[in-house]
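The structure under discussion appears below in the form of structure tokens.
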Amino acid sequence: MMAEKLVIIGAGMASGRMLEHLIEAAPGRYDVTLFNAEPRGNYNRIMLSPVLSGEKTYADIVTHDADWYAAQGVDCRFGEPVVKIDRERKIVYSNQGGVPYDKLVIATGSAPFIIPVAGKELPGVCTYRDLEDTNAMIAAAKPGAKAVVIGGGLLGLEAAAGMQLRGAEVTVIHLMGHLMERQLDPAAGYLLQKALEARGITVHCKGATKAILGKERVEAVLLDDGTIYDADLVCMAVGIRPETRLANDAHLEVNRGIVVDDQLRSSDPAIFAIGECVEHNSQLFGLVAPLYDQAKVLAATLADAEAVFRPVQTATKLKVTGCDLFSAGDFADGPGREDIVFRDPGRGVYKRLVLEGDKLIGAVMYGDTADGSWFFGLIKDGTDVTGMRDTLIFGPGFAGGAKADPMAAVAALPPEAEICGCNGVCKGKIVSAIEGGANTLDLVRASTKASASCGTCTGLVEQVLAVTLGDSFVMPAAQPMCKCTDHTHEDVRRLIKAQGLKSIPAVMQELGWRSVGGCASCRPALNYYLLADWPLDYRDDRQARFVNERNHANIQKDGTYSVVPRMWGGVTTPAELRAIADAADKYAVPMVKVTGGQRIDLLGVKKEDLPAIWADLNDAGMVSGHAYSKGLRTVKTCVGSEFCRFGTQDSTGLGIKLEKLLWGSWTPAKVKLAVSGCPRNCAEATCKDVGVVCVDSGYQISVAGAAGMDVKETEFLCAVATEEEAMEVIAAFVQLYRENSRYLHRIYKWVAKVGLDWCKAQVVEDLANRKALAERFEISQSVYRRDPWAEHAQRPADWAPMMDLTREAAE
Amino acid sequence: MNMSHETWIDIGALADIPREGGRVVKTRAGCVAVFRAADDTVFALDDRCPHKGGPLSEGIVHGHSVTCPLHAWVFDMGTGTAQGADEGQVGTYPVRVEAGRVLLDGARLMQGRAA
């Protein structure tokens, strides 16, 4: 029998494995011609990362060398790219001429995706696909060189780690909120980021590349948020797409990849496709395990045996030495699915199992992946895990015993971690006091002063007692923040600072959150704590905000919104009033109402009209009145000395100054101020969160009033002589509240807890501390003192319905 | 019903829906809330809480649940069932993502509404 002519386009891992199987199953059955655009044969592409890092050489990863091809009688056409397939005459053309085929295998693999930004073609920009890319990175990654990797997926991180091992300063820019988001959930992504940062790699998540800068060659990368990273080399590793150009030109059926059936046959019965270039049942393939399965099936098909390709579950491991992570199966949340979560903050371990009914369907692990293959086996086999569910997360070796320790976070704190911020007491000092006999909270307070001032660290001091004394200390019950955690609000605030936690996933991991993504109660609270504690590092998470703050307007019971422009100190002008009246007419506002805080409220505005009405009000010089925020609302004033015959000071002027100082700031709950020009108190300053009453000698500042569910007169804080002092005291007091109160507690509730005397000590008596608080407030305001309306008015499409089907014809 | 087949309507790009957020699709019989979870799973539910008619599309999304912005009822976005002590149900609609586009089943939309 004459041997049939088999032509293969592409000498990659899939076609290489297929050839091995085919030669074994049907030796001599085919005359094989093997084209490859790369000037070499098959090598183990997934081992390029160890080559990049220097742990292996190219020679180590060659799968088929020249001798092997010669022994199998394969006609090798390496470095000879195929340019055309003539299906009619069954001839494949390379740049050197034509080769006829009886059967053709397309194994063109994939091409790296190049993000379409300016500068993408500059010398020094590479992808991460083949040996040339790897060698380019090895050449560039000299000690001290700066490399930027765009893309924080598997490939990008391996490129980053490899170059870092060679001595380069590496930055990874990732578009998504956490690294490897296709394989990891946010908690595991956070741990991975921490590990990479610990070895010196800079990670920038939520970073969109705007341009690659440089004249002769690449010099830097510019992000949408304005950040610039210097770069001697830029590696784009943002994804791959199937290389289908030849198949397209030959008019084979191509969707995202070359469409193949269960035998890997394309729409032309003489042409097969295999590897990353194929699409099977709408699915693409990037990991090696399913490609090897395809190789087996195609070899059998070409040898006239029966075989069917059925993709199986795959597991992922990152090939970065020292980063232990594993993911397998489907670990998305879903109806009927349940999670078993294990976190050991001290060891940086995170494990999450996803169950559906009586089966394990997914697993994500970080830090301790020893049981990964066992879990993977349970997933693949569909094992009924009902009987072992209680201990499943501890792996196959479990033999009864320990439960997750809720006190692990405190136990893991180093001795120098500060527990009591007021008195500067660290954990080590408390532990030695306890070991010296202070076995109750009161004794610890007496001997160390820890938790003896504002008291917010009491829970933590008790945990240190419990950790140090063991069972002989009985913890008093405290109200946890929500059902996701055992920690109180106060503990969480303190631990965020003590451990330097700067993201929601970081808090949830390090403090052992029991839920996967928190709940509607803890997410807004954590978002506030993080932005208050790390104003320059943390970026506000809009999706963790309640609707009113997310939409910068108050939602009404019918789903419309109210719009309240800011009127500084309650003072307006005819021009502003005209603009408000025009807006009310233009947007058919059903009700215009004067508020209790001396503002004008436009009620009943449709969500999609919000950006336009804001733009109109912006044009008239008005900004958001923040009538919706847990933040500064209004500073109400009376007319004061400028017009009033009783006025002692310029109360309107001070009110306007205070409002310009405080506006835009986020606080645990809303904050309302008032300034009255004389003790007749027409601005009702003595039932506000902060009230100022002007007198001949200056300004009397009182705090912690209420006029809502509770009614309470303010308490006297201090009297000052000048406007400047009044403003500094108030900024410092508001900052003290921002840094210490639990979320949603108004000032009067917080002061009742910490005591007015403690507040006085902080902002009245200790002048240096007052200044420091006011300075920290100003740092935060450098970020948040701006008009959110102006920002959102630029993007009206985000506020309209995503799609309007009401105008579609009926069926 | 005369529609046995699915009619997938392209309602926009996945990127148009913020992660852990929702958008609205207007239909003749009321609004449908389309959500995108942190893991990029997409859900479509009636945009109306059975309690007091709150717009679920404006709720806080956590895991695969959404909390109504008006009175904090929590719904499983996959099943539309109220969680915890509250009892209630909202309609859900088949939705899928293909090549970065969000597709909503128009046939089911009509059936669900007619029922």
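Values as computed for the structure displayed
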| item | result |
| --- | --- |
| Rg and Dmax [Cα atoms of the range A:148-195; Å; Rg one decimal, Dmax integer] | 10.4, 30 |
| Within 10 Å of each Cβ in B:18-31, the average number of Cβ atoms from other chains | 5 |
| Note, ³J(HN,Hα) from phi for the range A:795-806, Karplus 6.51, -1.76, 1.60, rounded to Hz, x at Gly and Pro | 10, x, 4, 5, 9, 7, x, 5, 7, 10, 9, 6 |
| DSSP-assigned coil residues among GluC sites (Glu not before Pro) in the range B:30-112, each with at most 15 further Cβ atoms within 10 Å | B:E87 |
| Span per principal axis, largest first, for the Cα atoms of the range A:170-238 (Å) | 40, 23, 20 |
| Amide proton proximity set for A:E169, modelled H, under 5 Å, gap of 5+ | A:G144, A:A145, A:K146, A:A147 |
| Whole-Hz couplings from phi, Karplus 6.51/-1.76/1.60, listed for the range A:469-474; x for Gly and Pro | 8, x, 5, 6, 10, 9 |
| Cα convex hull of the range A:251-356 - mean projected area over all directions, nm² | 9.6 |
| Share of Cα-Cα pairs in chain B lying beyond 25 Å, as whole percent | 17 |
| Scattering curve values for the range A:547-628, log₁₀ I(q)/I(0), Debye with Cα scatterers, q = 0.20, 0.22 Å⁻¹ | -0.84, -1.03 |
| Amide hydrogen neighbours beyond the local backbone of A:V203, cut-off 5 Å, H modeled | A:V172 |
| Cα Rg over Rh - the range A:225-308, Kirkwood | 1.17 |
| Percent of Cα-Cα distances greater than 13 Å, calculated over the range A:273-312 | 47 |
| Antiparallel DSSP beta bridges within the protein assembly as shown, percent to nearest 5 | 70 |
| Angle in degrees between helix A:522-533 and the longest Cα principal axis of chain A, rounded to the nearest 10 | 70 |
| Rg and Dmax [Cα atoms of the range A:324-394; Å; Rg one decimal, Dmax integer] | 11.3, 33 |
| Lysines whose Cα lies under 26 Å from that of A:K296, excluding same-chain neighbours fewer than 8 positions away | A:K5, A:K90, A:K103, A:K317, A:K319, A:K380 |
| Using alpha-carbon coordinates, inclination of helix A:288-302 to the longest axis of chain A, degrees | 30 |
| Over 19 Å between alpha carbons, listed pairs A:K497/A:K630; A:K630/A:K760; A:K206/A:K483; A:K206/A:K606; A:K194/A:K497; A:K429/A:K771 | A:K497/A:K630; A:K630/A:K760; A:K206/A:K483; A:K206/A:K606; A:K429/A:K771 |
| Solvent-free Debye scattering, log10 I(q)/I(0), computed from the Cα coordinates of the range A:634-788 at q = 0.14, 0.16, 0.17, 0.18 Å⁻¹ | -0.63, -0.83, -0.94, -1.06 |
| Taking chain A and dividing mean pair separation by its residue count, relative contact order in percent (alpha carbons under 8 Å, at least six apart) | 7 |
| Share of pairwise Cα separations in the range A:36-155, more than 21 Å, in percent | 54 |
| Long-range amide H partners of A:G631 with built H, under 5 Å | A:T667, A:K670, A:V671 |
| Cα long-axis angle, helix A:489-498 against chain A (0 to 90 degrees, to the nearest 10) | 60 |
| Cβ-isolated cysteines (cut-off 4.7 Å), chain B | B:C31 |
| Low-density loop cleavage sites - GluC sites (Glu not before Pro) in the range A:82-163, where at most 14 other Cβ are within 10 Å (DSSP) | A:E88, A:E121 |
| Those chymotrypsin sites (Phe, Trp or Tyr not before Pro) in the range A:657-727 that DSSP places in a loop and that have at most 16 other beta carbons within 10 Å | none |
| Over chain A: helical MRE at 222 nm, DSSP H runs n ≥ 4 each giving -39500 (n - 2.57), nearest 500 | -9000 deg cm²/dmol |
| Value in Å of the Kirkwood radius, where the protein assembly as shown supplies the Cα pairs that are averaged | 31.7 |
| Relative contact order, percent, the range A:125-238 [alpha-carbon distance under 8 Å, six or more residues apart] | 33 |
| Cβ-based net charge around A:G664, under 14 Å, with every Lys or Arg adding one and every Asp or Glu removing one | +2 |
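Every number in this text was worked out from the coordinates using simple rules, so none of it is lab data. From a predicted model like this one, the values you see are computed outputs, not experimental measurements. Note that we place each Cβ from the backbone using ideal geometry, even for glycine, and neighbour counts take in every protein chain shown.
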